[in-house]
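Following: one structure in structure tokens, then a few remarks.
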Amino acid sequence: QVQLVESGGGLGQTGGSLRLSCVASVPISTLYQMSWFRQTPGKQRELIARTFLRGDQYYSSSVKGRFAISRDNTKNTVSLQMNNLKTDDTAVYYCHARPSIFGAEAQDYWGQGTQVTVSS
């Protein structure tokens, strides 16, 4: 069982920055895949950033170049640095973990979400 707790959401300004954090209940060095998703009412949950144990990263085109995902293994925390915020970034942001792609560990874990609202 993996518990994920997001923090750092709130009000942002267009062109400004926010930093989201996701603290895991287990060492994140044991988690194969960790991601940030976001969801706006009426829309599908969108994968925006993903990090793998080997260090590979993925970003959606909508956030590429503006957001950065990173791991802090000492704090069991995955962060999302959000720069050059746009109003379209307004959403609930969810932390996600997949410990493994194999066997019983191929499960999805989600945080409760944190609201980000970007105003001009």
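Some points to look at:
- Label-point gap, in nm, between S25 and Y58 - each point 7 angstrom along Cα→Cβ: 2.6
- Gain in span if fully extended, L47 to Q3, counting 0.36 nm per residue against the direct Cα distance: 13.9 nm
- Hits among lysines - C-alpha to C-alpha of K86 under 28 Å, sequence gap 8 or more where chains match: K43, K64
- Extreme residue, positive dipole direction of the chain, given options V63, T114, V23 (C-beta unit charges): V63
- Computed from the C-beta positions of K86 and W110 and an R0 of 25 Å, the FRET efficiency is 0.55 to the nearest 0.05.
- Heavy atoms of R45 accessible to a 1.4 Å probe, total area in Å² rounded to 10: 90
- Antiparallel %, DSSP beta bridges [both residues in the chain], to 5: 90
- 3J(HN,Hα) from dihedral phi, region 41-50, Karplus parametrisation 6.51/-1.76/1.60, rounded to Hz, x for glycine, proline: x, x, 10, 6, 5, 10, 6, 10, 7, 8
- Per-peptide average of other Cβ atoms within 10 Å, ordering 107-118, 65-76 highest first: 107-118, 65-76
- Over region 1-60, all Cα pairs binned in 5 Å intervals from 0 give whole-percent P(r) values of 4, 14, 19, 26, 23, 10, 5, 0, listed from short to long.
- Paramagnetic reach from T117 (point 7 Å along Cα→Cβ, amide N under 11 Å) across region 1-39: 10-12
- Cα convex hull of the chain - mean projected area over all directions, nm²: 7.1
- Estimated translational diffusion coefficient (Stokes-Einstein, Kirkwood radius over Cα pairs, 25 °C, 0.890 mPa s) of region 79-118: 204 µm² per second.
The values are calculated or read from the model by the stated rules, or taken from the named source; none is laboratory data. None of the values given here were measured: they were computed from a predicted structure. Please note: Cβ atoms are built from the backbone with ideal geometry, for glycine as well, and neighbour counts cover all protein chains shown. Side chains are part of the model used for accessible areas, which takes the heavy atoms of the whole protein and leaves out ligands, DNA and RNA. Shrake-Rupley method; radii C 1.70, N 1.55, O 1.52, S 1.80 Å.
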